[in-house]
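The values are calculated or read from the model by the stated rules, or taken from the named source; none is laboratory data. Being a predicted model, the structure only gives us computed values, none of them experimental. Reconstructed Cβ throughout: ideal geometry from the backbone, glycine too, with neighbour counts over all protein chains shown.
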Amino acid sequence: MIEVETKYALADPAGFAARLAGWAELSPRRDEDQYFNAPDRDFARTDEAFRIRSIGNTNVVTYKGPKFDTQTKSRFELELPIGDGPEEAARWRAMFVRLGYRPTGIVRKHRRIFTTSRDGFEIQATIDTVDGVGTYAELEIVTDDSRYPAARDLILTLAGELGLTQLERRSYISLLLQKSASTREPKQLDDVAALRKFVAGCRRDRKKIGFVPTMGALHAGHAALIERAKAQCDCVIVSIFVNPTQFGPNEDYTRYPRTLEADRELCRSLGVDGIFVPAADEVYPPGFVTYVDPGPIATVFEGAIRPGHFRGVATVVLKLFQMVQPDATYFGQKDAQQVAVVGRLIRDCNLPIEFVVVPTIREQDGLALSSRNRYLDPTQRSNATVLYRALSAARADWKAGERDPARLRATMAREAVVPGVQLDYAEVVDPDSFAAPSSGGRALAVIAARFGTTRLIDNLELTTE
Ligand code: AMP
């Protein structure tokens, strides 16, 4: 069975309960969930979960597989009853620990559960008050594979009807762990000397160092990178640097959003260990002349429209790698051509860095989160959904067997014919070279468009998603 589920932070639990007036309410209950990590893999990394749940006197063991999509928390779930009572739960815990499973934390919550049926589905809404975390609403349908898309659409419609907007994809256990980690202030690192001293301390403690380069104006997309780094590393460093060399003369370097205080707060809440915020002349001191040339990929698509952009990106990324010397680095699939350039840079320069690409985080209507979305006025914001619609249309054609890049391009272009939208490109490419895809190889749909003076880009892999 599949659990189709969404979760939202709840500012007004009483108001939400009032909107569920027509639903049946079950008896309230108190759950205690003991989570474990596996001996052979890291569940935080594989997005799996394993727990003993105690509902009053009743115990069950639950396994949850990785999430299927980015808009809901839908995943495979297997839940099996074990014996009743706290001693039985303790015996199973001892058994898992013997087998090498490590207890990671205990989530305790009070649940109000409401049910209703609609369109042939049984729907459950819960109001969870989680100790030490906060109050959340969950919507859930358990269904079989064949009805998953219909169940997912229904859940998203219901969320809209019930006024749920603040989507929360993190599990209660990760929220709890982050909260306990986030009581520590991240170390503020303003120059390379301070950074190196901090990194040397981490190395002495044999910590695995994860690095997330950003230009600030942080949002949930950046948070996903940081969370992944936190899950895989012992020490996470985030850089915030609006890199002048990747902006063209007529681009938005000076007006690029700078929100350092809010960025620091987000980093603190995620348990970031160090924030590196160098000044421009710390990165590019007087006399700086050495640049990285990323080759032909830097001259197509984003590189053609923004000459010099990837030279600036590759240069600053290599410099930041040299300064931080991380074990692993985290980049967003959102910037697919940047992923290709940085992946190549790491291979070509034999950099001993694990390169982790994190899936794109989107708004509910599919718009990829971007620091530039804040430039959009309401009409442009609504028009901006054409990007994901066009990519999804290409993916639907691909799934139906269409392989002709010209026809896939035409499908995307058709979707983007909207007043106020100026399409820069819509194409299907090989994700490594950004040249035409080879037959039978991987294929990535890429798109860029302007909404007034704001340019947005997006992409969707056709071969795997
Ligand atoms: P930026 O601050 O725009 O340079 O982005 C810093 C990193 O965050 C890059 O690796 C981006 O690809 C990544 N990123 C930006 N937006 C998103 C998103 N919506 N989902 C996932 N990663 C993102």
Mind checking whether some residue in segment 158-167 is surrounded by 14 or more Cβ atoms within 10 Å (Cβ to Cβ), in a strand (DSSP E or B), within 16 Å of the ligand (Cβ to nearest atom) and not hydroxyl-bearing (Ser, Thr, Tyr)? yes
Which listed residue is within 16 Å of the ligand (Cβ to nearest atom) and farther than 30 Å from Leu156 by Cα, from Leu369, Leu345: Leu345
If you go through Pro307, Pro286, Pro294, Pro278, the only one that is away from the ligand (no atom under 14 Å from the Cβ), over 27 Å from Arg203 (Cβ atoms) and surrounded by 20 or more Cβ atoms within 10 Å (Cβ to Cβ) is Pro294
Is it the case, given these coordinates, that Arg264 is basic (Lys, Arg), surrounded by 14 or more Cβ atoms within 10 Å (Cβ to Cβ) and under 21 Å from the mean Cα position of the chain (by Cα)? yes
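Name the single residue, out of those in segment 104-153 being small (Gly, Ala, Ser) and not in a helix (DSSP H, G or I), that is surrounded by the most Cβ atoms within 10 Å (Cβ to Cβ).
If we filter segment 104-153 for residues that are small (Gly, Ala, Ser), which is where we start, we get 105, 117, 120, 125, 132, 134, 137, 146, 150-151.
From the residues that got through so far, the ones that are not in a helix (DSSP H, G or I) too are 105, 117, 120, 125, 132, 134, 137.
Working: Gly105: 16, Ser117: 10, Gly120: 10, Ala125: 23, Gly132: 12, Gly134: 15, Ala137: 26.
Restricting to residues being small (Gly, Ala, Ser) and not in a helix (DSSP H, G or I), the top hit is Ala137.
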Identify all residues within segment 128-164 that are in contact with a strand residue (DSSP E or B) (Cβ under 8 Å, 6 or more places away or on another chain), touching a residue at least 60 places away in the same chain (Cβ under 8 Å) and over 21 Å from Glu77 (Cβ atoms); write none if there are none. Thr129, Gly134, Thr135, Leu162, Leu164
Name the single residue, out of those in segment 375-389 being free of Cβ contacts under 8 Å to residues at least 40 places away in the same chain and hydroxyl-bearing (Ser, Thr, Tyr), that is farthest from the ligand (Cβ to nearest atom). Ser382
Check off (1) among the basic types (Lys, Arg); (2) in contact (Cβ under 8 Å) with a residue 24 or more places away in the chain; (3) more than 30 Å from Phe36 (Cα to Cα) for Lys197 and give me the number that stays unchecked. (2)
Glu251 is checked against (1) out of contact with any Cys (no Cβ under 9 Å at 6 or more places or on another chain); (2) over 26 Å from Val339 (Cβ atoms); (3) not hydroxyl-bearing (Ser, Thr, Tyr) and fails just one. What number does that condition carry? (2)
Quick check, is Thr360 loosely packed, with under 15 Cβ neighbours inside 10 Å and either under 26 Å from the mean Cα position of the chain (by Cα) or at pLDDT 95 or above (or both)? no
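Select the strands (runs of 3 or more DSSP E) contained entirely in segment 267-375, then report the ones holding at least 3 residues which are in contact with a Ser or Thr (Cβ under 7 Å, 6 or more places away or on another chain).
By residue number, no strands (runs of 3 or more DSSP E) qualify.
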Which residue pairs have Cβ atoms under 7 Å apart, sit 6 or more places apart or on different chains, and have a first residue in segment 358-374 that is over 10 Å from Thr385 (Cβ atoms) and among the β-branched types (Val, Ile, Thr) and a second that is assigned to a loop (DSSP other than H, G, I, E, B) and within 9 Å of the ligand (Cβ to nearest atom)? Val358/Gln333; Thr360/Thr70; Thr360/Gln333; Thr360/Lys334; Ile361/Thr70; Ile361/Leu369
All but one of (1) farther than 24 Å from Lys207 by Cα; (2) free of Cβ contacts under 8 Å to residues at least 12 places away in the same chain hold for Glu265; state the number of the condition that does not hold. (1)
Determine the pairs where a residue that is under 21 Å from Gln337 (Cβ atoms), located within segment 407-427, has a partner that is modelled with pLDDT under 95 and among the β-branched types (Val, Ile, Thr) with Cβ atoms under 6 Å apart, the partner being 6 or more residues away or on another chain. none
Yes or no: Gly100 within 23 Å of Phe43 (Cα to Cα), out of contact with any Phe, Trp or Tyr (no Cβ under 7 Å at 6 or more places or on another chain), in contact (Cβ under 8 Å) with a residue 60 or more places away in the chain and not in a strand (DSSP E or B)? yes
(1) within 11 Å of the ligand (Cβ to nearest atom); (2) buried (at least 22 other Cβ atoms within 10 Å of the Cβ); (3) within 20 Å of Ile297 (Cβ to Cβ): which one isn't true of Asp335, the others all being true? (2)
Report yes if Ala262 is within 13 Å of the ligand (Cβ to nearest atom) and not in a strand (DSSP E or B), otherwise no. no
Phe355 being within 16 Å of the ligand (Cβ to nearest atom) and over 24 Å from Arg169 (Cβ atoms): no
